[in-house]
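Visitor: Before I ask anything, here is the structure I am working with.
The values are calculated or read from the model by the stated rules, or taken from the named source; none is laboratory data. Since the model is a prediction, treat every value here as computed from it, not as a measurement. Every residue, glycine as well, gets a Cβ built from its backbone with ideal geometry; the counts of neighbours run over all protein chains shown. Note: areas computed on protein heavy atoms with side chains; ligands, DNA, RNA excluded. Shrake-Rupley method; radii C 1.70, N 1.55, O 1.52, S 1.80 Å.
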Amino acid sequence: MAPMEQEPKEKAEQALQAATEFAQIFYEYLDKKRNAVRNLYMDTATLLWNGNAISNKDAILKFLEDLPTSEHTLTTLDSQPLVEPVIDGQTSIMVTVFGKACYQDTKAKGFFQTFILTSQGNVWKIVSDTYRFLEA
């Protein structure tokens, strides 16, 4: 992990690279290997799914596993390094994703998802996850 003294441009580039790699893994797991999503959340993570709050990794995994099969297509991804570390002095970033989600037997809908990620060793973990369908 790069030191906190990096220049802002370097931090932004690191955040974008991490966010891109993370999103690729997250949505592959969510759509094809949902039980593997467990490895991406911190034990104390929170998920806010269309206004419904779920706390802790086990409850989040159960909620996600109960969803119908899905296919996500990303349209836009953005990331920002967080100025002040969010979790115990760890490097943290905010990732924002827009795209389309199609759940089994439903028409594709737009969605918006925001993650707060923190570096745990050499692995990014989800601290907070907010998912919302975009309704017309």
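Visitor: Restricting to the stretch 7-35, give me the number of residues that are among the hydroxyl-bearing types (Ser, Thr, Tyr) and under 27 Å from GLN104 (Cβ atoms).
Guide: Number satisfying all stated conditions: 2.
Visitor: Within the stretch 96-124, how many residues are out of contact with any Ser or Thr (no Cβ under 6 Å at 6 or more places or on another chain), in contact (Cβ under 8 Å) with a residue 24 or more places away in the chain and not small (Gly, Ala, Ser)?
Guide: 11
Visitor: What residue, among those in the stretch 1-28 that are over 14 Å from ILE126 (Cα atoms) and touching a helix residue (DSSP H, G or I) at 6+ places or on another chain (Cβ under 8 Å), is modelled with the highest pLDDT?
Guide: GLN6
Visitor: Taking the stated definitions as given, is GLU71 open to solvent by 20 Å² or more (accessible area, probe 1.4 Å), under 16 Å from PHE133 (Cβ atoms) and among the acidic types (Asp, Glu)?
Guide: Here the answer is yes, as GLU71 does meet what is asked.
Visitor: Okay, moving on. Residues of the stretch 112-123 being modelled with pLDDT of 95 or more and open to solvent by 40 Å² or more (accessible area, probe 1.4 Å), which ones?
Guide: Correct list: PHE112 only.
Visitor: Same structure, new question: Go through the stretch 75-108 and count every residue that is within 20 Å of LEU47 (Cα to Cα), at pLDDT 85 or above and surrounded by 14 or more Cβ atoms within 10 Å (Cβ to Cβ).
Guide: Residues meeting the conditions: 16.
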